[in-house]
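What follows is one structure encoded as structure tokens, with my remarks underneath.
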Amino acid sequence: MGFPTANLKLTDDYVVPKIGVYETITLLEGGERYRSLTNIGYNPTFDGKELKIETHILNFEGNLYDKDIEISFIDYIRDDIKFDTVEELIKQIQLDIEYIKKKQ
């Protein structure tokens, strides 16, 4: 869809925030911090059945496979919504990204 994400697997016992889309900060292993957009949900547009946590890290290009990252939740943006089309979902993600960029 044009928004690469880190698909998170929890390594410890954590309380997971409510389902939705969040403004977050992602801390990489080397100490680098990035603004990010995190979705906690079931991917309802794709009729998903499994809870997933996915983070799109703004201004980051690289490989995070098998890397530890830390996510800090800053602000709740919206509910996890089922869109009628993938195009509507892409448009909403673009709006979500613009929303957190404007807060800088």
TODO: Treat each spin label as a single point 7 Å out from the Cα along the C-beta direction, and report the Phe46 to Leu95 distance in nm.
DONE: 2.2 nm
Task: Label-point separation, Phe83 to Leu8 (7 Å along Cα→Cβ), nm - done: 2.1 nm
- [ ] Step through the residues of the range 49-62 one at a time and calculate ³J(HN,Hα) from phi using the Karplus curve (6.51 cos²θ - 1.76 cosθ + 1.60, θ = phi - 60°), rounding each to whole Hz and writing x for Gly and Pro.
- [x] 10, 10, 5, 10, 10, 10, 10, 9, 9, 5, 6, 10, 10, x
Open item on the list: Amide H of Ile74 versus every other amide H placed in the peptide plane: which residues, excluding those fewer than 5 positions away on the same chain, fall under 5 Å?
Closed with: Glu23, Thr24, Ile25
Open item on the list: Taking each pair of distinct Cα atoms in the chain once, what is the resulting Kirkwood hydrodynamic radius in Å?
Closed with: 14.2 Å
Open item on the list: List the lysines whose Cα sits under 27 Å from the Cα of Lys49, skipping any in the same chain fewer than 8 residues away.
Closed with: Lys9, Lys18, Lys67, Lys82, Lys91
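Here, each number is a calculation from the coordinates, and none is a lab measurement. Please read these numbers as outputs of a predicted model, since none were measured by experiment. A quick note on method: Cβ atoms are made from the backbone with ideal geometry, for glycine too, and the neighbour counts reach across all protein chains shown.
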